[in-house]
Amino acid sequence: MEYFRLVFLVLSSLVIFINGDPIVPALCIFGDSVMDAGNNNHLYTLLRANFLPYGRDYTAHKPTGRFCNGKLASDFTAEYMGFESYPPPYLDAKNDTLLITGANFASAGCGYADKTSRLYRALSLPKQVKYYKQWQDRVVNMVGNERANAIFSGGINILSAGNSDFLQNYYINPALRILYTPSKVADILLKSYSKFIKSLYDLGARRIGVTSLPPIGCLPAAITLFGLGRNKCLRRLNRDAVMFNNKLNATSMDLVAKYPGLKLVVFDIYHPLLALIKKPSDNGFFEARRGCCGTGLVETSLLCNKRSIGTCANATGYVFWDGFHTSEAANEILAQDLLQQGLGLINS
């Protein structure tokens, strides 16, 4: 498997660097903490990662607001596509020139449901779309309508959401669990997803990728919080994730049929991450139950700080960085899978 992955990346690099330009004109990122590159640094929220040890293995060894020890999967994706820089967090983007090739609108705590985003004072998806429209206006002012429209229609847009809706809202709220089954929750969330896709489509976006839910029952914090002392993946939570992903695929197919010219790809994160968790040694990892930070069983955001006792010295052997988020080493492998699955977005 590693051989074929290496061959694929080499061929991709040849395509990218034959003319020295990125293979698409822009990359825009939406969603939650999996993709947040620093927008929450500018919000009144407890969900921040702008302090050590977050970012300790990043380029300058300083925290950026990424919920990781280093690069996100979206950062590696930008590299593989030939971009010289990563999409900057929109709330921190003061240099308009950097915005020509895209922006990052993601916000930790964001969910498909606006109530989830409000609960954590995150940028909701409708708010992220509003900022996306502002980004478009800034690009038009720099390059003119004709070139800007080519950037908008040819650029790739990636969304990651749903984790916060289940793990940080539905599962911890007894009232919601009484009122709604997981299937009903999925239906509600996917209505918001459909509205998001329509909003981007109406603004000229034609190439969109959305990540599936991961095996949420295998996240260290989920096992600790909901596992009732059992030190293994929670089948119930993973079944909910699979159910949601099946509905996400069906909804996405309906959207492609509904909107002419729309290229919409569902990136399967569930199975690649599950493979890393179930057989970590096959990909060079030795720890898949605990995150690197602190005990690695529940820490995230403020609970993962430079005083966290027990934080590992080298995160490269860990699938997870904290209780919810994967390490840079895992993100690199996941990004390679994203690139392979997203060829349909790249091809004309």
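Values in this text are rule-based calculations from the coordinates and carry no lab data. The model shown is predicted, which means the values in this text are computed figures rather than measured ones. Cβ placement follows ideal geometry from the backbone for every residue including glycine, while neighbour counts extend to all protein chains displayed.
Tabulated data for the structure shown
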| quantity | calculated |
| --- | --- |
| Most to least packed among 172-178, 57-63 [average Cβ atoms within 10 Å] | 57-63, 172-178 |
| Estimated D of the chain in µm² per second, where Rh is the Kirkwood radius over Cα pairs and Stokes-Einstein applies at 10 °C, 1.306 mPa s | 79 µm²/s |
| DSSP H segments from the chain that extend 18 Å or more along their own axis, Cα-based, with Kyte-Doolittle mean of 1.0 or above | 2-17 |
| Around GLY342: net Lys/Arg minus Asp/Glu count, Cβ-Cβ under 10 Å | +1 |
| ARG138, ARG290 arranged by Cβ crowding within 10 Å, fewest neighbours leading | ARG138, ARG290 |
| Set of lysines near LYS306 by C-alpha distance (under 17 Å), chain-local residues within fewer than 8 positions excluded | LYS62 |
| HN-Hα J in Hz across segment 204-220 - Karplus 6.51, -1.76, 1.60, θ = phi - 60°, x for Gly and Pro | x, 6, 10, 10, 10, x, 10, 7, 6, 5, x, x, 4, x, 10, 5, x |
| Debye log10 I(q)/I(0) for segment 198-257, one point scatterer per Cα, at q = 0.17, 0.24, 0.25, 0.31 Å⁻¹ | -0.66, -0.91, -0.95, -1.20 |
| Placed amide H near ASN104: partners under 5 Å, 5+ positions off or other chain | ILE29, TYR90 |
| Sorted largest first, extent of segment 115-242 alpha carbons per principal axis (Å) | 59, 26, 23 |
| Distance from segment 84-141 to segment 222-270 (C-alpha centre basis), Å | 24 Å |
| Table column - 3J(HN,Hα) (Hz), segment 106-122, Karplus curve with 6.51, -1.76, 1.60, x for Gly and Pro | 5, 9, 4, x, 5, x, 4, 7, 4, 5, 5, 5, 5, 4, 10, 6, 9 |
| Percent of Cα pairs exceeding the 22 Å cut-off, where the set is segment 183-342 | 50 percent |
| For the chain, cysteines whose Cβ has no other cysteine Cβ within reach (under 4.7 Å) | CYS28, CYS68, CYS110 |
